[in-house]
1. Could you please state, rounded to a whole Å, how far the C-alpha centre of region 180-198 is from the C-alpha centre of region 226-254?
2. Mark the label point 7 Å from the Cα of residue 214 along Cα→Cβ and return the residues of region 146-184 whose backbone N is within less than 14 Å of it.
3. Quote the relative contact order of the chain in percent (integer), defining contacts as alpha-carbon pairs under 8 Å separated by 6+ residues.
4. Quick check on region 25-150: take the gyration tensor over C-alpha atoms, sort the square-rooted eigenvalues as a ≥ b ≥ c, and tell me if it's rounded (a/c under 1.5), prolate or oblate.
5. List every residue whose amide H lies under 5 Å from the amide H of residue 141, counting only residues 5 or more places away in sequence or on a different chain, with H placed 1.01 Å from N in the peptide plane.
6. For region 63-171, what's the relative contact order in percent, using C-alpha pairs closer than 8 Å and at least 6 residues apart?
7. Of all DSSP beta bridges in the chain, what percent run antiparallel (nearest 5)?
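Where a number appears in this text, it was derived from the coordinates with a stated rule and is not lab data. Because the structure is predicted, anything quoted here is derived from the model rather than measured. All Cβ positions, even for glycine, are placed from backbone atoms using ideal geometry, and neighbour counts span all protein chains on display.
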Amino acid sequence: MEVSAEKTETALASVSHMTDDRWCRWWTHDRLGGDQTAERRSSAALVPIRERLLDRARLRPADVVLDIGTGTGFVGFGALKRLGEEGRVIFNDLSSGLIDTCVRRSEQLGVTDRCSFVVADAQDLAGVESESADVATARSVLCYVADQAAAFAAIARVLRPGGRLSLFETIHVRQLAVGAPTMFGYVVPGLDRAAASVEAWLRTSTEGGSDQPTFDEIDLLVWADMAGLADAIVDVDLRFTTSAAVLTDWSAFLASRPRPWSPTIREIMSGALDAQDMTNVEDRLRPMVERGEVPRRIQSFAYLTAVKAA
Ligand SMILES: C[S@@+](CC[C@H](N)C(=O)[O-])C[C@H]1O[C@@H](n2cnc3c(N)ncnc32)[C@H](O)[C@@H]1O
């Protein structure tokens, strides 16, 4: 159901207190252990990605843009800035708490009349009218969706004929690091045994699993094609991570939760390590985190664009 900002806020104020809004808690707090400095660093590092995704969307002043899995509206508000007075953004997320945050932000920015808000699963986008968007955007959302083909079908449904999709995802790479085993992404000499214990513990503990996306650029092309979208093109950006370190405070690092459903790093360490390995990890990993060393891991970023045939 697409509703006005005013109605949404009233409705969401009650809903978000009733539900266990894990997505909201994770995206606004647990992901970076509640560290505001890390949050600012993380957003700054994502600006070039957002701008590239929006460049590729080829926005026109009066477009209606649907930002799927908008979170706190990082891409959605970025798109709104690029549109003219006639342009509008539909903010979508599964989390009512996150949509609530977008509503408040739109009020602070004085742009509520150009925004609407839809709480819905990306797999059906229920409540977003068919053929109502000129552009659909999504940054790092599909990796959290169980049925990506369904999400592409929903996107094809809500785009107008001639409408464009521009999305960004981190995709699977064959190998994440070169050389030594890693501990939470860091190559830390002397911690091979501890790294193996953490790996083994994550494999067997519930939902803890790997941080690795399971799909790649070919999957994205196939899903776009299956949904009937045309001219699908993926640009792949393959690199060693070069961005600056985000988390440099050891207690925030320990409190951080890599995925919404995973344990915190502190919980992983206490589950996986004996007292001796705990001391080793603190002695070796902590200085690296506090010095702001960047985990040297290989990442592959995919930018997909596609068009709904006119
Ligand atoms: C990594 S965050 C990205 C947020 C935002 N796109 C950005 O660029 O800052 C993933 C977002 O996807 C949302 N999400 C996860 N599963 C979803 C689903 N099935 N349908 C809609 N949104 C979903 C989460 O609530 C969260 O806001």
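1. 22
2. 146-150, 172
3. 22
4. Taking the square roots of the gyration eigenvalues as a ≥ b ≥ c, region 25-150 is rounded.
5. none
6. This gives 28 percent for region 63-171.
7. 50
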